[in-house]
Every structure is written in C-alpha cells, then in structure tokens.
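Reviewing the structure listed below.
The values are calculated or read from the model by the stated rules, or taken from the named source; none is laboratory data. Just so it is clear, the structure is predicted and the values come from calculations on it, not from any experiment. Methodologically, a virtual Cβ is constructed for each residue, glycine included, from the backbone with ideal geometry; neighbour enumeration extends over all protein chains shown. Each accessible area value is taken on the protein alone, full model and side chains, heavy atoms only, with ligands, DNA and RNA left out. Shrake-Rupley method; radii C 1.70, N 1.55, O 1.52, S 1.80 Å.
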Amino acid sequence: MAPTALARAFAPTGTLRATINIGNAVLAGMAPGAAQPHGVSVDIATELARRLGVPVSFVVCATAAKAVEAVQQGICDITFLAVDPARAVDIDYAAPYVVIEGAYMVKNDSPLTDNTQADKPGHRIAVGKGSAYDLFLTRNIKNATIERFGSSQEVVDGFLARGLEIAAGVKQQLELDARRVPGLRLLPGRFMEIRQAFGTPKGRGAEAGAYLLAFIEELKAGGFVADALQRHGIEGAAVAPAGR
C-alpha cells in the first residue's frame with residue numbers, strides 16, 4: 001500500500017484523530033492550563049502521524065469508556081485502550097505496547113492479605129465504570145459485588161465514602177491514592193495483567209492493520225516506547241514483549 005493510500009486509510013479526513021484517555025495516568029495526562037495532552041500514547045500517535053505525513057489532533061477523554069464511545073461514534077481514527085474482548089467488537093487492535101497491573105487496595109485494618117481472598121460473599125469492590133479491570137472483574141467475580149464509579153480517579157474516594165471492602169484499579173493510580181490518603185494499603189501482587197494496545201475502528205482494511213502491527217513492534221524493539229516511559233517519569237509499567 002502506497003504511503004498516500006495508507007494515509008487515507010488511517011486518516012480519511014486528512015488529519016489523524018487520536019483518542020487520548022487521560023484517566024490512565026500511566027499513558028497520558030493533561031497539565032493544568034495546557035492546550036494539548038502529554039504522555040506515552042500522545043508520543044506514539046504523533047510519531048504515527050509523522051510517518052503518514054498528516055497532522056494529528058487529539059480527542060481527549062476522561063475515561064476509557066468515553067474513548068470507546070469515540071470509536072463507536074466515528075470521531076477518531078486510532079485509539080489507545082487496554083485489550084479486552086468486549087472492546088474488540090468495535091476495534092481492530094495492534095499488539096500491546098505497554099503492560100501494567102491491576103491491583104486491589106484495602107484499609108490498613110482489613111483482614112484481607114491476598115488477592116484470592118477478594119471474591120467472597122459480602123465483599124464489595126469499587127471500580128471505575130467501563131475500565132479494563134471493571135470488564136475483567138465483571139466476567140470473573142462470582143461471589144463479591146461490584147460497585148462502579150464514574151472514573152478511575154473517583155474509585156478510592158468512593159470506596160471510602162461508601163465504606164466498601166476493596167478498591168480495584170491500575171496499580172500506579174492506587175499507589176498515588178495511598179500516598180494521598182492515610183490508612184490504606186495495596187494487597188501484594190496483582191489480580192490481572194492489563195495489556196495496553198492501540199488500534200483502529202473496524203473496517204480500515206488489512207493493509208492498515210498490518211502496517212500498524214509492524215509500526216508498534218518497531219517502536220517496542222527500537223526503544224521508542226521505553227524512552228517515552230522514561231521521559232514521562234512512568235514507573236512500574238513495562239514495555240510489552242514482542243508480538244503480545
């Protein structure tokens with residue numbers, strides 16, 4: 001596929017429109033008063049646009065659920081989201097570029113000491129509605145109940161306000177909350193691996209999908225993703241292995 005044909009496949013409006021979920025601080029954020037978001041996903045979208053020879057614009061979303069809606073509404077060309085079967089209905093994913101962890105948080109006086117103890121009758125787990133860990137727990141939790149909040153940033157405050165037993169989230173976000181709010185601790189390890197990938201809305205074509213896959217594998221192997229994580233001061237996230 002010629003570069004111009006690729007550009008048309010990825011950016012039919014002439015501009016590459018990228019959803020950026022600032023609800024996941026590992027991948028993106030928006031500084032107070034800033035006109036544009038920053039972060040690893042922003043850097044990747046900018047590099048893809050450069051190679052395609054088109055300008056880039058950002059559809060900034062406060063949550064992953066809003067980023068999914070942007071795909072469904074046809075207002076973006078590429079999106080950055082955790083891989084999940086429910087989202088694959090609307091999105092053709094490339095390989096993951098970053099792997100992060102989903103963790104549980106409890107109060108210091110909680111009797112829970114292990115992730116396997118979470119799914120018990122009477123336990124209530126706070127999650128961000130529509131997040132990757134909400135989708136995962138919805139499929140896998142059999143005995144506990146799930147209480148959903150509007151965004152990942154609202155989870156810990158909601159967990160405390162409602163007197164819930166467990167808060168679930170991206171480990172880095174929970175670590176920030178543990179420093180912000182006394183009396184909280186994370187359970188050791190993780191309850192899930194969150195594979196962050198990016199992709200296109202369905203129907204952009206096999207050639208575009210193959211290009212996207214080769215592009216992200218090159219960025220992983222060549223150090224682009226690792227450099228972006230370091231540049232933005234991200235700790236606890238790993239570059240995804242080749243091909244997964």
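For region 105-129, a tally of residues being surrounded by fewer than 21 Cβ atoms within 10 Å (Cβ to Cβ) and at pLDDT below 95 returns 1. In region 53-78, of all residues being under 25 Å from Ala210 (Cβ atoms) and part of a helix (DSSP H, G or I), the one that is most open to solvent (accessible area, probe 1.4 Å) corresponds to Gln72. Ala86 passes every criterion in (1) open to solvent by 30 Å² or more (accessible area, probe 1.4 Å); (2) within 22 Å of Leu6 (Cα to Cα); (3) out of contact with any strand residue (DSSP E or B) (no Cβ under 6 Å at 6 or more places or on another chain) apart from (2).
Can you tell me how many residues within region 156-177 are open to solvent by 30 Å² or more (accessible area, probe 1.4 Å), of a type in the set (A, V, I, L, M) and under 21 Å from the mean Cα position of the chain (by Cα)? The qualifying residues number 1.
Only one of the numbered conditions (1) surrounded by fewer than 16 Cβ atoms within 10 Å (Cβ to Cβ); (2) in a loop (DSSP other than H, G, I, E, B); (3) modelled with pLDDT of 95 or more is not met by Arg50, and that is (2). The residue pairs whose first member lies in region 37-58 and is without any contact (Cβ under 8 Å) to a residue 40 or more places away in the chain and farther than 17 Å from Val26 by Cα, whose second member is open to solvent by 10 Å² or more (accessible area, probe 1.4 Å) and not in a strand (DSSP E or B), and whose beta carbons are closer than 9 Å, counting only pairs six or more residues apart or on different chains, are Ala49/Thr15; Ala49/Pro55.
If you take the residues in region 178-217 that are β-branched (Val, Ile, Thr) and surrounded by 20 or more Cβ atoms within 10 Å (Cβ to Cβ), which one is farthest from Thr19 (Cα to Cα)? Here the residue is Ile194. When you look at Thr15, is it at pLDDT 95 or above, hydroxyl-bearing (Ser, Thr, Tyr), open to solvent by less than 20 Å² (accessible area, probe 1.4 Å) and on the phi < 0 side of the Ramachandran plot, yes or no? In short, no.
Screening region 29-47 for residues that are modelled with pLDDT of 95 or more and of a type in the set (Gly, Ala, Ser) and picking the one that is farthest from Tyr93 (Cα to Cα) gives Gly39.
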